[in-house]
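The values are calculated or read from the model by the stated rules, or taken from the named source; none is laboratory data. Keep in mind that this is a model prediction, so the values were computed, not measured. Glycine also receives a Cβ, built like all others from the backbone with ideal geometry; neighbour counts cover every protein chain displayed. Surface areas here come from the heavy atoms of the whole protein model, side chains and all, with no ligands, DNA or RNA. Shrake-Rupley method; radii C 1.70, N 1.55, O 1.52, S 1.80 Å.
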Amino acid sequence: MPSKPVSPLDLFAIDGLLDDEERAMRDLVRSYGARELRPHIADWFEAGALPARDIARGLGSLGVLGMHLHGYGCAGTSALTYGLACMELEAVDSGLRSLVSVQGSLAMFAIWRYGSEEQKQTWLPRMAAGEAIGCFGLTEPDFGSNPAGMRTTAKREGDGWILNGTKMWITNGSVADVAVVWAGTEDGIRGFVVPTDTPGFSAPEIKKKLSLRASVTSELVLQDVRLPADAMLPEAAGLSGPLGCLDEARFGIVFGALGAARDCLEAAIAYTLDREVFDRPLAGFQLTQQKLADMALELGKGMLLALHLGRLKDAGKLDPRQVSLGKLNNVREALAIARECRTILAANGITLEYPVLRHANNLESVLTYEGTSEIHSLVIGRALTGVSAFV
């Protein structure tokens, strides 16, 4: 008689490594996703459209937006709890986790960490509630991995600023109420809080995507955008500002990618138990079990790494190079799991009836945003050798 199957992460006794609050928030987001998001995600992905404002308000009511920040209407949870929420959102779709990451770890974090008190009071409570959506303008058409080369400029005029430039691949851009835009000034790179109804600002949506289709992705165009002097983030000078924000977002990805991988593996296991091949369940073949075992190992190891990094972050001991370890490993392995699960489902795996190829397509983007695998490999290589290979 076959034994009762267990979930992949149960093999690693993950629940025993979490406290009551962490498990409660994880379960709350998982339940919300199953009820409110998962029934619609395949349709949103197929249509290439996301009701971002409705979703933001729903997640705001759940306390997920900027949840690891303190004050200004934010939930003030631990970093690890935030990571678990990211995992559950990405188990539904990477686009949903991206919305939350950009809102909380990029736009909100930039204002919370580097902004003036007036900027914080103006934007953070509304953003935490999902009543206002933010985006983060760093990447440019010709400058992704090398943000120091950005061409967007902010020039002083009177007691204000004039911004000109273009940003590319900006999540939430077309639906944002506020954009945190990074630009070169005579004093180096600085960040600016830009209300999106400012004359000269536009955010045309990018269409015809094959990945992150259930996500709003945009270009930002700034043509003589005039801002008051107090639009600048006072505490951010140089690249350390935007890079500090990116570390926050990458941390969420370390957990989030595992959600996509777990969803693929659970779908594949369920499929092998139902699918009969040569008059026996697909699950009963040795090669199938080898694939499942290998994927469960990589998922569990990635989860243990994520939990370790989360504990380090909550203790104030997390090094950005360790975030590179987590992002490189967990996204790479999640993508490998999604692709392997597709082989188990065979032709059925290419349909939106199952989540695996949707996740795989999304993870192709996650692999390269917030630092490509190559960049994170070089960060780790520099740590190991003391020699920089970036140039």
The simple spin-label model distance between Ser3 and Glu46, using points 7 Å out along Cα→Cβ, in nm, is 4.0
Taking N as the residue count of the stretch 233-314, its alpha carbon Rg divided by 2.2 N^0.38 Å gives 1.67
Amide H proximity to Ile133 below 5 Å, modelled H, separation 5+ or other chain, gives Asp177, Val178
Which of Lys209/Lys327; Lys291/Lys317; Lys167/Lys301 exceed 25 Å between C-alpha atoms? The answer is Lys291/Lys317; Lys167/Lys301
Placing each pseudo-label 7 Å from Cα in the direction of the beta carbon, Phe278 and Arg23 end up separated by a distance in nanometres of 4.2
Diffusion coefficient in µm²/s returned for the chain by Stokes-Einstein, Kirkwood Rh over C-alpha pairs, 4 °C and 1.567 mPa s, is 60
The stretch 1-101 accessible area per residue, 1.4 Å probe, protein heavy atoms, integer Å², reads 43
The percentage of the accessible area of the chain (probe 1.4 Å, all protein chains present) made up of carbon and sulfur atoms, to the nearest whole number, is 53
Length gained if Glu131 through Glu374 is fully extended, taking 0.36 nm per residue and subtracting the Cα-Cα distance, is 83.8 nm
If R0 = 22 Å, then Lys301 and Arg382, at their Cβ-Cβ distance, give a FRET efficiency to the nearest 0.05 of 0.40
Residue span Thr198 to Glu36: 0.36 nm per residue of separation minus Cα-Cα distance leaves a gain in nm of 55.0 nm
Taking a ≥ b ≥ c as the square roots of the eigenvalues of the Cα gyration tensor, with a/c under 1.5 meaning rounded and otherwise prolate when a/b exceeds b/c and oblate if not, the stretch 116-254 is rounded
Over all directions, the stretch 33-123 yields a Cα convex hull whose mean projected area in nm² is 5.8
HN-Hα couplings for the stretch 324-329 via Karplus (6.51, -1.76, 1.60; θ = phi - 60°), in whole Hz with x for Gly/Pro, come out as 4, 4, x, 5, 4, 5
According to the Cβ-distance criterion of 4.7 Å, cysteines of the chain with no possible disulfide partner are Cys74, Cys86, Cys135, Cys245
Extension length gain for Ala347 and Ile206 (0.36 nm per residue less Cα distance), in nm, is 47.8 nm
Between Ala293 and Glu235, the FRET efficiency computed from the C-beta separation at R0 = 56 Å comes out, to the nearest 0.05, as 0.70
Once normalised by the length of the stretch 2-129, the mean sequence separation of its alpha carbon contacts under 8 Å that are 6 or more apart gives a contact order in percent of 28
Rounded to the nearest 500, the 222 nm mean residue ellipticity computed for the chain from DSSP H runs (n ≥ 4, each -39500 (n - 2.57)) alone is -16000 deg cm²/dmol
